[in-house]
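Enquirer: Mind looking over this structure? Questions follow.
The values are calculated or read from the model by the stated rules, or taken from the named source; none is laboratory data. As the structure is a prediction and not an experimental result, all values here were calculated from the model. In this analysis, Cβ positions are derived from the backbone assuming ideal geometry, glycine residues included, and neighbour counts consider all displayed protein chains. Protein only, heavy atoms only, side chains kept; ligands, DNA and RNA dropped before computing areas. Shrake-Rupley method; radii C 1.70, N 1.55, O 1.52, S 1.80 Å.
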Amino acid sequence: MVAEKRMITVCLSGGGFQFVHFLPKGTTMDSKVFTSEVIKPRQQKYIKEYHAKRGEYYLHYDNAPIHKSQYTQSYINAGIFNILKYHPFSPDISPCDYYFFGLLKQELKEIMMKSEEKMKTEVGKIQMKIIQWISKGLYEV
């Protein structure tokens, strides 16, 4: 049996996981999906809950084409976020790439998921497990 791959986008802050986006099956992540389903909900939350203003919050992401596109850049520049520059030839320094996604793949390896809801539930359980490991000092980032 071949495992089906799914795309998950994770937003982290100093306070931990802030947002997890599961790309719907059969959907392609492009600039419009990225801005409307990932960036826009974060921006709306920060404006509503923290009365955020332009430049008070920062985004850090890699140099993927959807992140660098004119559409994405225009959307972000019109909103509340500043972008932390990502060096074009540096190794990937995202904690998600070296930490979360590795553990997520390891933990999901033996779990059979027959539905979208089961997948989201299992990912949520693993998120909580990782948070507990870190808080107890059992795993260092």
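Enquirer: Could you check region 1-32 and list, in sequence order, the residues that are touching a residue at least 12 places away in the same chain (Cβ under 8 Å) and more than 27 Å from GLU110 (Cα to Cα)?
Expert: ASP30, SER31, LYS32
Enquirer: Hey, among TYR57, TYR61, which residue is surrounded by 14 or more Cβ atoms within 10 Å (Cβ to Cβ), modelled with pLDDT of 80 or more, more than 16 Å from SER74 (Cα to Cα) and hydroxyl-bearing (Ser, Thr, Tyr)?
Expert: On the way: TYR61 fails: more than 16 Å from SER74 (Cα to Cα).
That would be TYR57, the only listed residue that is surrounded by 14 or more Cβ atoms within 10 Å (Cβ to Cβ), modelled with pLDDT of 80 or more, more than 16 Å from SER74 (Cα to Cα) and hydroxyl-bearing (Ser, Thr, Tyr).
Enquirer: Starting from region 52-63, take each residue that is within 17 Å of VAL10 (Cβ to Cβ) and list its partners that are surrounded by 12 or more Cβ atoms within 10 Å (Cβ to Cβ) and among the aliphatic types (A, V, I, L, M), counting only C-beta distances under 9 angstrom and pairs at least six apart or across chains.
Expert: TYR57/ILE80; TYR58/ILE83; LEU59/ILE39; LEU59/ILE76; LEU59/ILE83; HIS60/ILE83; TYR61/ILE83
Enquirer: Mind checking whether some residue in region 78-99 is out of contact with any Pro (no Cβ under 9 Å at 6 or more places or on another chain), part of a helix (DSSP H, G or I), more than 20 Å from GLY15 (Cβ to Cβ) and at pLDDT 80 or above?
Expert: no
Enquirer: Name the single residue that is most open to solvent (accessible area, probe 1.4 Å) among those in region 1-54 being aliphatic (A, V, I, L, M) and assigned to a helix (DSSP H, G or I).
Expert: For region 1-54, the residue satisfying everything is ILE47.
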